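**Student:** Before anything else, here's the structure in question.
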Amino acid sequence: MFGSKYRDEFIYLNSMETKLLIFIATILITNQGIAQKDYLHESKADKNNRMEWWKDATFGMFIHWGLYAVPAGRYHGKISDHACAEWIMNDEKIPVKEYETYANQFNPVKFDAKKWVTIAKKAGAKYIVITSKHHDGFCLWNSTVSDYTVTKATPFKRDILKELSDECKKQGIRFCTYHSIMDWHQPDANGNDSTDWVKYREQYLKPQLAEIIHNYHPGVMWFDGEWIGKWTEAQGKDLYNYLRNLDPNLIINNRVGKGRSGMQGMNTTDDAVGDFGTPEQEILEKASNLDWESCMTLNKSWGFKQDDNNWKSVDVLIHNIVEIVGKGGNYLLNVGPNAEGEIPGQSVERLAEIGKWISKNSESIYGNKRGLTNESYKGYSTISKNGNYLYLFIDSKDTSPIVLRGLNDKVVSIKILGKKNILSLNKSDNALSLTIPPESLDKYVTVLKVQLK
Ligand code: JFZ
């Protein structure tokens with residue numbers, strides 16, 4: 001019913017000139033013969049320039065949405081034992097033909113791109129990353145190389161990536177996409193012994209990614225499902241170059257390479273492909289010189305799971321933010337909208353509360369460098385790019401004195417961020433200490449702004 005058409009060209013235009021242009025572009029992007037620029041060995045300065053918006057952004061909202069929102073973690077009335085609702089096809093061994101019928105029930109009439117992007121913005125997120133295609137293979141855009149799409153296989157018919165990317169542009173937030181290399185709906189890419197992997201890769205995966213880049217201009221392409229048997233590091237490098245040739249500014253996560261999920265999600269060799277590491281449901285133990293982003297759920301499942309009530313507290317979430325940013329990472333926090341098109345209320349409430357805290361303390365969160373080492377300060381902190389300010393994150397539950405070591409000659413003054421009065425300091429040989437008046441403590445994390453010489 002949803003057989004793919006596998007074709008090379010992906011844009012339809014009529015005049016002779018545009019046909020010629022498309023022909024040339026097709027040759028270029030299908031990597032047949034014409035030299036591609038090598039983006040695997042770019043200078044540090046070039047990479048830093050390309051990564052700058054993303055590093056400054058610090059906080060993003062992940063969106064896992066697809067047909068799995070229909071069963072929402074239950075199969076034949078029974079709650080699936082598995083944590084992640086987006087894996088239900090695999091976990092419950094649902095045959096492809098049966099799983100496809102969820103498409104008939106996918107009619108999220110309450111979907112409103114404006115609402116979603118507003119939720120992200122109010123949370124303080126500067127970018128969103130949405131599943132263009134998860135492991136189940138269902139496409140959230142109007143792909144011309146597949147019929148297994150929201151536009152062709154569902155009663156809803158609207159192009160979700162189009163509506164969301166347009167709205168992101170309007171509201172000034174970066175639109176980004178997640179894409180699974182593994183594809184349970186494609187017999188050539190479902191993780192079993194592939195019958196024609198090269199055909200899937202060259203005539204399906206690559207043209208689809210080209211469509212997404214061409215039509216929706218994602219700032220980040222966030223790969224996953226790279227552990228599949230046929231995928232190799234060399235193919236990851238080829239794909240990385242292919243995509244950067246389509247959009248030289250594109251940022252690509254390290255799961256474009258082989259087996260980068262796990263191992264705290266970081267590259268383990270210098271020449272491993274990918275622009276940033278992807279620790280999942282965890283935070284790096286130590287700050288890293290590589291760029292990285294922790295992705296985490298608000299409850300346990302990525303995709304909407306009706307019976308998952310393991311919601312994290314706002315306190316935990318805010319502590320995660322300051323730990324991650326203090327260690328130089330980004331935070332990608334997930335929501336799983338339901339099949340009606342709504343982001344669950346429990347998620348919206350938490351995101352709104354985080355947003356209030358961030359907006360009060362935004363100066364300490366966005367656009368800074370990672371903070372002091374453990375020897376100087378036992379908590380987390382950030383430092384402004386020009387080195388003039390240090391922001392200390394204070395756990396409001398911890399009432400012991402705040403101690404700064406080795407900075408006596410550098411500190412000019414310390415205030416609570418957003419307040420005027422200067423706090424008094426106790427000086428000893430090589431340390432400064434202070435306590436915050438209890439009435440000035442934030443509910444979650446109090447931020448001190450330290451002026452440096
Ligand atoms: C992957 C997906 O499988 C999951 O559904 C979600 O999209 C998440 C963001 O990424 O999760 C993984 C991937 C690999 C491992 C564990 C979870 N792994 O190798 O252990």
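**Student:** Relative to the first principal axis of the alpha-carbon coordinates of the chain, what is the inclination of helix 314-326, with its axis defined by its Cα atoms, in degrees from 0 to 90 and to the nearest 10?
**Tutor:** So the helix axis and the longest Cα principal axis differ by about 90 degrees.
**Student:** What pairs from LYS55/LYS415; LYS369/LYS410; LYS55/LYS126; LYS369/LYS449 go past 19 Å between their alpha carbons?
**Tutor:** LYS55/LYS415
**Student:** Another question, then. Measure off 7 Å from each Cα along the Cα-to-Cβ vector at GLN36 and LYS369, then give the distance between these two points in nanometres to one decimal.
**Tutor:** It works out to 3.5 nm between the two label points.
**Student:** Mind ordering 105-114, 75-84, 237-246 by average Cβ neighbours within 10 Å, highest first?
**Tutor:** In decreasing order of mean packing, 105-114, 75-84, 237-246 become 237-246, 105-114, 75-84.
**Student:** Can you give the net charge of the other residues whose Cβ lies under 12 Å from the Cβ of LEU67, counting K and R as +1 and D and E as -1?
**Tutor:** Taking every other residue near LEU67 into account, the sum is -3.
**Student:** Determine the calculated [θ] at 222 nm for the chain from helices alone, applying -39500 (n - 2.57) to every DSSP H run no shorter than 4 residues and normalising by the residue count; nearest 500 deg cm²/dmol.
**Tutor:** -8500 deg cm²/dmol
**Student:** Next question. Between the helical axis of 44-57 and the dominant principal axis of the chain, each derived from Cα atoms, what acute angle in degrees is found, rounded to the nearest 10?
**Tutor:** 80 degrees
**Student:** Simple spin-label model, 7 Å along Cα-to-Cβ: VAL412 to LYS162 in nm?
**Tutor:** The modelled label-to-label distance comes out at 5.4 nm.
**Student:** Output ³J(HN,Hα) for the stretch 159-174: one whole-Hz value per residue in order, computed from phi by the Karplus curve 6.51 cos²θ - 1.76 cosθ + 1.60 with θ = phi - 60°, and x for Gly and Pro.
**Tutor:** Values, residue by residue: 8, 5, 4, 5, 4, 6, 5, 4, 5, 4, 4, 4, 8, x, 10, 6 Hz.
**Student:** Tell me, what ³J(HN,Hα) does each residue in the stretch 422-439 have, in order and in whole Hz, if you take phi through Karplus 6.51 cos²θ - 1.76 cosθ + 1.60 with θ = phi - 60° and put x for Gly and Pro?
**Tutor:** With the stated coefficients, the stretch 422-439 comes to 7, 7, 7, 10, 9, 10, 10, 2, 10, 9, 10, 9, 7, 10, 9, x, x, 5 Hz.
**Student:** Name the long-range amide H neighbours of SER80: under 5 Å, sequence gap of 5 or more, or other chain; modelled H, no Pro or chain starts.
**Tutor:** HN-HN under 5 Å from SER80: ARG74, TYR75.
**Student:** While we're on this one: How large is the accessible surface per residue of the stretch 371-452, computed with a 1.4 Å probe and reported in Å² as a whole number?
**Tutor:** So the stretch 371-452 comes to 55 Å² accessible per residue, rounded to a whole number.
**Student:** Rounded if a/c is under 1.5, else prolate if a/b beats b/c, else oblate: with a ≥ b ≥ c from the C-alpha gyration tensor eigenvalues square-rooted, which is the stretch 273-337?
**Tutor:** It is oblate, given that a/c is not under 1.5 and a/b is not larger than b/c.
**Student:** Count charges around TRP357 for me, please; just the other residues with Cβ under 9 Å from its Cβ, Lys/Arg as +1, Asp/Glu as -1.
**Tutor:** Counting the neighbours of TRP357, the net charge comes to +1.
**Student:** While we're here: How far is helix 113-123 tilted off the main Cα axis of the chain, in degrees rounded to 10, range 0 to 90?
**Tutor:** In the chain, helix 113-123 runs at an angle near 20 degrees to the longest axis.
**Student:** Can you spot the lysines whose alpha carbon is less than 19 Å from LYS305's alpha carbon? Ignore those fewer than 8 places along the same chain.
**Tutor:** Result set, ordered by chain and number: LYS78, LYS93, LYS110, LYS133.
**Student:** Amide H of GLY277 versus every other amide H placed in the peptide plane: which residues, excluding those fewer than 5 positions away on the same chain, fall under 5 Å?
**Tutor:** So GLY277 has HN proximity to ASP291, TRP292, GLU293.
**Student:** On a full-extension model of 0.36 nm per residue, what is the gain between SER359 and ASN388, subtracting their alpha-carbon distance, rounded to one decimal in nm?
**Tutor:** Here the answer is 8.3 nm.
**Student:** Arranged from highest to lowest average of other beta-carbon atoms within 10 Å per residue, in what order do the peptides 140-152, 406-418, 364-376 appear?
**Tutor:** Answer by packing, highest mean first, reads 140-152, 364-376, 406-418.
**Student:** In a shell of Cβ-Cβ distance under 14 Å around ALA103, excluding ALA103 itself, what net charge do Lys and Arg (+1) and Asp and Glu (-1) give?
**Tutor:** Neighbour charge sum, excluding ALA103 itself: +1.
**Student:** Once amide H atoms are placed 1.01 Å from N in the peptide plane, what residues at a sequence separation of 5 or more from PHE59, or on another chain, have their amide H within under 5 Å of its amide H?
**Tutor:** LYS126, TYR331
**Student:** If I model a spin label at ALA83 and ASP429 as a point 7 Å from the Cα along the Cα→Cβ vector, what separation in nanometres do I get?
**Tutor:** 4.7 nm
**Student:** Taking θ = phi - 60°, what integer Hz values does the Karplus form 6.51 cos²θ - 1.76 cosθ + 1.60 yield along the stretch 67-78, in sequence order, with x for Gly and Pro?
**Tutor:** 4, 4, 5, 6, x, 6, x, 10, 10, 6, x, 9
The values are calculated or read from the model by the stated rules, or taken from the named source; none is laboratory data. Note that the structure is a prediction, hence the values are computed from the model and not measured. Here the Cβ is made from the backbone with ideal geometry for all residues, glycine too, and neighbour counts use every protein chain on show. Note: accessible area is taken over every heavy atom of the protein model, side chains too, but ligands, DNA and RNA are not part of it. Shrake-Rupley method; radii C 1.70, N 1.55, O 1.52, S 1.80 Å.
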